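Undergrad: Please read through the structure below; I'll follow up with questions.
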Amino acid sequence: MSSASGSKHKIVVTRNLGPDVMPILQDRDDVDLVLWPEDRACDRDWLLQNATGAIALVIMVSDKVNAELLNAAGPSLRAVSTMSVGYEHVDVKELAKRGVALGYTPDVLTEAVADICIMLALIAGRNVKETSTLVTEGKWPNFSWSPFLFCGSQLSAPNPSVNRTAGFIGFGRIAKATLSRLVPFGFTHCVYAANPNSTKPPSSSAAADSSLAQQFGLRSVEKVDLGLVAERSDVVFVLAPGGPETYHVVDEAFLRKMKKTAVLVNAARGTLVDSDALAKVLREGGIWAAGLDVVEGEPKVSADHPLVKEPRCFILPHIGSATNETRVDMASLAARNALAAALGQPLPCALPLGG
């Protein structure tokens, strides 16, 4: 259990985790802490040089973990701990081959991301991008009131006789937390596709769906194929994992099946939605609006991006988990994952790798 620093365990951290979290590692006599000293993404050469002899690495989504880095770390490495729920920046197969554990931080950001989902649905549906711009640019005085001026698509049911259907691509913790927030808005039905690659409705536990419907006071919760998610939903929430299997799962064909009054929300990964197709369908009035916390190619999303130019596409710079409470919890879990690996203990939250 020794490292390059004698009896101490070398842990490399690629970003300062703040005063609430850093003491988890700093205050231990058995840890040799190596911290990237700058308030910017960690320099690759610095990481390769300092990873040597480390027993654990605490990384951010900007740090690529591949064979090059693992070779630099050497056989002492027991775990890579990422301060994220996504792990597209990590070569999972390389970790499994070398017996290196992967710690991640999935559960602690559920509530914050669910909040963002509801916020995006409201902002996009009610034309907030268009209308707030009129105020900030001083153009509001140019408009006189009229019965349907600035009208948008209502998220809540206007009366109890109106059905509202929420659709989900991916139906994990965040999706269920989002669904629970939709209940007070009068949503009555839920459809979801848990396996975006499936060409048929995948097998489902009707009992589990029925139980969830009863818990939330919904008339139905149903697993269906992607086409039916598009056709039935008043709002579609994209909350599936990223990766090749879900690349452009929301394409032009999917968007063309959606209601013209429907809103698309993506708070998962930008690669799940075809940006060009979405811009085209929005421009042609195929759906009402889109609210995005993620965009393919981010952060390289400039003012001339086709989605940025769409008045009914509201975009946030990937802030779904960006609350003080959530980021402290994420950083704390990332630090505790690394420390557990150093001490030879089970990681509090590890991705099953197999291999």
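Undergrad: Among the listed residues Val113, Val108, Val61, which satisfies the condition of being at pLDDT 95 or above and either touching a helix residue (DSSP H, G or I) at 6+ places or on another chain (Cβ under 6 Å) or closer than 30 Å to Leu179 by Cβ (or both)?
TA: Val113
Undergrad: Residues being assigned to a loop (DSSP other than H, G, I, E, B) and surrounded by fewer than 17 Cβ atoms within 10 Å (Cβ to Cβ): count how many of those fall in segment 87-96.
TA: 2
Undergrad: Looking at Ala322, is it among the aliphatic types (A, V, I, L, M), crowded, with 16+ Cβ neighbours inside 10 Å and either under 18 Å from Met60 (Cβ atoms) or touching a helix residue (DSSP H, G or I) at 6+ places or on another chain (Cβ under 6 Å) (or both)?
TA: So Ala322 does not fit the description; no.
Undergrad: Select from segment 120-167 the residues that are of a type in the set (Lys, Arg) and touching a Ser or Thr at 6+ places or on another chain (Cβ under 6 Å) and list them in ascending order.
TA: The answer is Arg164, and nothing else.
Undergrad: Of (1) crowded, with 21+ Cβ neighbours inside 10 Å; (2) of a type in the set (A, V, I, L, M); (3) free of Cβ contacts under 8 Å to residues at least 60 places away in the same chain, Val265 satisfies all except one. Which?
TA: All conditions pass for Val265, except number (3).
Undergrad: Is it true that some residue in segment 239-252 is acidic (Asp, Glu) and within 22 Å of Leu122 (Cα to Cα)?
TA: No, segment 239-252 has no match at all.
Undergrad: Right, another one. Test Gly74 against the stated conditions and say whether it is surrounded by fewer than 21 Cβ atoms within 10 Å (Cβ to Cβ) and touching a Lys or Arg at 6+ places or on another chain (Cβ under 7 Å). Outline the logic, then answer.
TA: Values: surrounded by fewer than 21 Cβ atoms within 10 Å (Cβ to Cβ): yes; touching a Lys or Arg at 6+ places or on another chain (Cβ under 7 Å): no.
Here the answer is no, as Gly74 does not meet what is asked.
Undergrad: Got at least one residue in segment 126-149 being touching a residue at least 12 places away in the same chain (Cβ under 8 Å), of a type outside the set (A, V, I, L, M, F, W, C), crowded, with 21+ Cβ neighbours inside 10 Å and out of contact with any helix residue (DSSP H, G or I) (no Cβ under 6 Å at 6 or more places or on another chain)?
TA: No: zero hits.
Undergrad: Across segment 269-297, which residue is surrounded by the most Cβ atoms within 10 Å (Cβ to Cβ) among those that are in contact with a strand residue (DSSP E or B) (Cβ under 9 Å, 6 or more places away or on another chain) and in a loop (DSSP other than H, G, I, E, B)?
TA: Only one residue fits best here, namely Asp293.
Undergrad: Right, another one. Look at Phe216 and say whether it is of a type in the set (Phe, Trp, Tyr), at pLDDT 95 or above and closer than 28 Å to Ile315 by Cα. Steps first, please.
TA: Numbers: of a type in the set (Phe, Trp, Tyr): yes; at pLDDT 95 or above: yes; closer than 28 Å to Ile315 by Cα: no.
Judged against the criteria, Phe216 is not a match.
Undergrad: Keeping to segment 86-104, report how many residues are touching a Leu at 6+ places or on another chain (Cβ under 7 Å) and either modelled with pLDDT of 95 or more or aliphatic (A, V, I, L, M) (or both). Please lay out each step first, then the result.
TA: First, pick out the residues of segment 86-104 that are touching a Leu at 6+ places or on another chain (Cβ under 7 Å): 87, 90, 92, 94-96, 98, 100-104.
Then drop every residue that is not either modelled with pLDDT of 95 or more or aliphatic (A, V, I, L, M) (or both), which leaves 90, 92, 94-96, 98, 100-104.
Selection size over segment 86-104: 11.
The values are calculated or read from the model by the stated rules, or taken from the named source; none is laboratory data. All of these numbers come straight from a predicted model, not from anything done at the bench. In this analysis, Cβ positions are derived from the backbone assuming ideal geometry, glycine residues included, and neighbour counts consider all displayed protein chains.
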